[in-house]
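Enquirer: This is the structure I want to talk about, given as structure tokens.
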Amino acid sequence: MDFDGLKDKALGFVHDNKDKVEDGVEKAADFIQDKVDNDKVDAGVEKAKNVVTDNLDKL
């Protein structure tokens with residue numbers, strides 16, 4: 001299996017669809033926060049969401 005090619009395709013998708021990726025991350029974060037009522041989980045989800053969305057431009 002060509003993992004470099006797969007990685008390149010994934011990076012290309014993310015680069016071309018940053019808005020969709022951000023929407024997906026936001027929906028996933030909302031889903032987790034709705035299912036788990038815990039301040040530590042909420043903080044972790046927000047931090048993960050911010051890391052992903054802040055680093056999209058670096059790809």
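Rule-based calculations on the coordinates, nothing more; no lab input. Worth saying up front: this structure is predicted, and the values here are computed from it rather than measured. We place every Cβ from the backbone using ideal geometry, glycine too, and count neighbours over all the protein chains shown.
Enquirer: Against the definition (in a helix (DSSP H, G or I) and more than 16 Å from the chain's Cα centre (by Cα)), how does Asp4 come out, yes or no?
Expert: yes
Enquirer: Taking Ala29 as the residue in question, decide whether it is touching an Asp or Glu at 6+ places or on another chain (Cβ under 8 Å), without any contact (Cβ under 8 Å) to a residue 40 or more places away in the chain and part of a helix (DSSP H, G or I).
Expert: yes
Enquirer: May I pose another question? How many residues does the range 32-58 contain that are outside any helix (DSSP H, G or I) and either touching a helix residue (DSSP H, G or I) at 6+ places or on another chain (Cβ under 7 Å) or not hydrophobic (A, V, I, L, M, F, W, C) (or both)?
Expert: 2
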